Structures are given as structure tokens and as C-alpha cells.
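Q: Okay, here's the structure, questions in a sec.
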Amino acid sequence: MRLFLISGTHSRHLFLLRPLLQEFEVTGVLVMGRESLTPVPPQGIPARDRDNFIRHFWLRAEVEQRVFGDLEAAQVFASVPSLMVAPEALNTSESARFVADHPADVAVIFGPDLIFPPLYDALPEHKWNVHLGLSPWYRGSATLFWPFFNMEPQYAGATIHQIIAEPDAGAVLHQCVPPCIPGDGLHDVGSRCVVTAAVAVQQLLRLLVRQGSLAEARQRSSGRLYLSSQFRPEHLRVNYDLFNDRMVDALLAGDLRPRPPRLMQPNGPLDPA
């Protein structure tokens, strides 16, 4: 089975997609450059929000470096035809031609911006997106952060779904959540989501090879769509000021009692190992 990959440049994206190069025939890779993992705090915000902002993003960089390593797209994808594009060049005729020149049976997508025509039209029938968030409850942007803002960290998970025009709204192939471990911070949970999703993607592809098709679950609720413009530094007060980044401990101790998510797993729970 032939794969075409569309990737971001963060190590989490490369970590998830790299094993596919070893197990499947990858015909090509389209790589979209992503923003810095450690953005500069906005001007004029209160000192505590500035401190939380710096803490949040530097912790993310630190945890992800520890879990995923320092991966570079040029090295990870050195063995296959690759095209690196800026975000504004993702959905262009050049990108679409590159996909058409490297036909595949399945496109696996993790890390770029939303995909629109003409790029969308050039992709194969199977267009799988790895969304770090449980759709439909957490669609859109920063959907591993918002469960912590809403004090329901057990909703930090991943959705593997077909892509359609609407963000994170296509038919679901699988959803998974990582185990919550005492002492976990927000980014520990987030990184473990990626590790769990990486295993699920490989297992779904193997299942597709064996069966020739996969079951899909339609998303029947509109859920919640979070936009990047909705995030404000003061949102970080919940996780850092109230819980000191130990919300998972509060969950495990029974201090938080949100309902567990009802995962969509039309192809079964898969093997977490």
C-alpha cells in the first residue's frame, strides 16, 4: 500500500510519521513550515500572565524535546521525494501537482494548516487527518489545551478521521486517549497523546491492508470549535495558578469529577501496545 504524507515541521509531527517510512511505501511528502514552539508573550499583559505564557510554551518545548527528540524534516524525509512549503503555499497548484506526481492509496496528514482545493482535490480517496483533540467536543486549534481550561483533562486525546471541508468534522476512524499518570503536567499528557496516536495510525493502516476497507463513524454532534484567535494568556491561569500544572493529580484524587469521553472506535479499541 502506498502512502503520501503531509506533515508539519514540529518534532511531534515527524515522530508520528517517521515509522510509516519503515513499514509502508511512501511515494512523497509535502511539508509545511510551522511556527516557533516558544512564541514571544504579547505586549502589555499582566506579569502573572506573562510568566504563565513563558512557562507554558517553554514547558511544551522541554517536554516534547524529551519525548520526541530534536527531529528535522530534511533528515526524517531524506529518503523520499519531498516538497517544503510555507503556510501560504500549502493549498496551491504547485502543491497539488506534487501530490499528483506521486500517487498513493492513502494520504496521512499531521501538522499542516487546513487543506482546501486544489490540494484537497489532488489527494487520494483515503485522506486521514490526525487531529490532536477529541472531535466533536474539541475541534479546531489548541485542542489539547482547552480540556485543561475546562477542567476535564481526560478529554485530551486524538481523533483520526477523514478530512472534509469543515475543520475536524469528517468521519472518524478511531479515537484514543492516553493514560493519566500521577505527576503529569499538561504537556506530559499532550505528548503521550501523540505517542498513542502514532501507534493507532500504524494499526489502522495494517488493518486496511488486511481488510481492504475500514469502518467509519459519523460525527453526529456539532460539538465545539476552538479558534486560535480565542486563546488569551489569561486562560492559562486555570492550569497554572489554580492547579500549578497538576490538574491530573486532582482528577486522579477525585477532586474533579467530569464525565469520561465516549470514544468513537468503529474499528475496535485496537492494541495500545
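Every number in this text was worked out from the coordinates using simple rules, so none of it is lab data. For clarity, every value in this text was computed on a predicted model and none was experimentally measured. FYI the Cβ positions are ideal-geometry reconstructions off the backbone, even for glycines, and counts take in every protein chain you see.
Q: At q = 0.15, 0.23, 0.26 Å⁻¹, what is the log10 ratio I(q)/I(0) for segment 8-70, with the Debye formula run over Cα points and no solvent?
A: -0.60, -0.98, -1.10
Q: Can you figure out the FRET efficiency of SER213 with SER93, using R₀ = 41 Å and their beta-carbon distance, to the nearest 0.05?
A: Result of the calculation: an efficiency of 0.85.
Q: Could you give the length gained on full extension between ARG50 and ALA78, defined as 0.36 nm per residue of separation minus the Cα-Cα distance, in nm?
A: 6.2 nm
Q: Students often check this: by mean Cβ neighbours within 10 Å, which of 94-106, 113-125 ranks highest, and how do the rest follow? The partial results should precede the final answer.
A: Numbers: 94-106: 17.2, 113-125: 15.5.
With the highest mean Cβ count within 10 Å placed first, the list reads 94-106, 113-125.
Q: Under the 0.36 nm per residue contour assumption, what length would be gained going from the current alpha-carbon distance of ASN150 and SER36 to full extension?
A: This chain segment gains 38.5 nm when fully extended.
Q: Shifting gears a bit: Computed on alpha carbon atoms, what radius of gyration and Dmax characterise the chain, expressed in Å?
A: Both quantities, over Cα of the chain: 18.5, 57 Å.
Q: A follow-up question, please. By how many nm would the segment from ALA171 to ALA142 lengthen if fully extended, with 0.36 nm per residue of separation less the alpha-carbon distance?
A: Values: separation 29, 0.36 × 29 = 10.44 nm, distance 2.07 nm.
Length difference between fully extended and current span is 8.4 nm.
Q: If I build a Gaussian network model for the chain, linking alpha-carbon pairs within less than 10 angstrom, which residue out of LEU132, LEU251, LEU30 has the largest mean-square fluctuation?
A: Of LEU132, LEU251, LEU30, the Gaussian network model singles out LEU251 as fluctuating most.
Q: Something else: Given only helices, namely DSSP H runs of n ≥ 4 each adding -39500 (n - 2.57), what is the per-residue ellipticity at 222 nm of the chain, to the nearest 500 deg cm²/dmol?
A: -9500 deg cm²/dmol
Q: Still on this model: Tell me, what is the FRET efficiency for GLN230 and ALA86 to the nearest 0.05, using R0 = 22 angstrom and their Cβ-Cβ distance as r? If you can, show how the numbers build up before the last one.
A: Values: r = 24 Å, r/R0 = 1.11.
Approximately 0.35, to the nearest 0.05.
Q: Next question, about the same structure. Mind jotting down the distance between the C-alpha centroids of segment 154-197 and segment 220-236, whole Å?
A: 16 Å
Q: Counting only the backbone N, which residues of segment 143-167 are under 20 Å from the spot 7 Å out from the Cα of MET1 toward its beta-carbon?
A: The answer is 158-164.
Q: Out of all DSSP beta bridges with both ends in the chain, state the antiparallel percent to the nearest 5.
A: Values: 9 of 30 bridges.
Once the DSSP bridges in the chain are tallied, antiparallel ones form about 30 percent.
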